[in-house]
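Asks: A single structure is presented below for examination.
The values are calculated or read from the model by the stated rules, or taken from the named source; none is laboratory data. Note that this is a predicted model, so its numbers are computed, not measured. As a convention, Cβ positions derive from the backbone with ideal geometry for all residues, glycine included, and neighbour counts pool all protein chains shown. Keep in mind that these areas ignore ligands, DNA and RNA; they rest on the heavy atoms of the full protein, side chains included. Shrake-Rupley method; radii C 1.70, N 1.55, O 1.52, S 1.80 Å.
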Amino acid sequence: MVLRLKLDENLPQRAEQPLRGLGHDVETALSEGLAGAEDPNLLSACIAEDRIPVTLDLDFSDIREYPPGSHRGVWVLRPAQQSFDALVQLILAGVKLAAMERTAGQLWVIDER
């Protein structure tokens, strides 16, 4: 299954390469001129492009603001340490889980557990 993901500007752009290497369709907020965009604008772009935003921004975990079912899905990463390797491992954990679980309309908070 190919995932359509958009990496938020708070993630390193080079994190897209491992995902593309696995065959996923990945864009970044920076490459699409969305750097500094308000969260609702980023999510609107993701909805329009049928993409799942991947972010460190806890604001996206507010289900009152971004109710489940109103989007393709949202992945909020919660690494124990903010290193490139830790972030990539969390994203890859999301990819593995997406092969077994439905992502559409879901909020996923992904940590080491």
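This table checks each residue for (1) in contact with a Gly (Cβ under 7 Å, 6 or more places away or on another chain); (2) modelled with pLDDT of 95 or more.
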residue	(1), (2)
Glu27	no, yes
Arg51	no, yes
Ile91	no, yes
Trp108	yes, yes
Glu112	no, no
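Asks: Could you give every pair whose Cβ atoms fall below 7 Å, whose first residue belongs to region 1-27 and is in a loop (DSSP other than H, G, I, E, B), and whose second residue is open to solvent by 70 Å² or more (accessible area, probe 1.4 Å), counting only separations of at least 6 or pairs across chains?
Replies: Cβ pairs passing all conditions: Met1/Ala99; Glu9/Leu30; Gly23/Val2; His24/Val2.
Asks: I'd like the full set of residues that are at pLDDT below 95, at positive phi and either of a type in the set (A, V, I, L, M) or buried (at least 18 other Cβ atoms within 10 Å of the Cβ) (or both), limited to region 68-89.
Replies: The answer is none; no residue qualifies.
Asks: Look through region 43-63, keep the residues that are within 11 Å of the chain's Cα centre (by Cα) and assigned to a helix (DSSP H, G or I), and return whichever of them is nearest to Pro79 (Cα to Cα).
Replies: So, considering only residues that are within 11 Å of the chain's Cα centre (by Cα) and assigned to a helix (DSSP H, G or I), the one nearest to Pro79 (Cα to Cα) is Phe60.
Asks: Can you tell me which of (1) small (Gly, Ala, Ser); (2) loosely packed, with under 14 Cβ neighbours inside 10 Å; (3) touching a residue at least 60 places away in the same chain (Cβ under 8 Å) is the one Ala98 doesn't meet?
Replies: (2)
Asks: Here is a follow-up. Residue under question is Leu107, and the condition is that it be open to solvent by 20 Å² or more (accessible area, probe 1.4 Å), of a type outside the set (Lys, Arg) and within 16 Å of Lys6 (Cα to Cα); does it hold?
Replies: Yes; evaluated as a whole, the condition is true for this residue.
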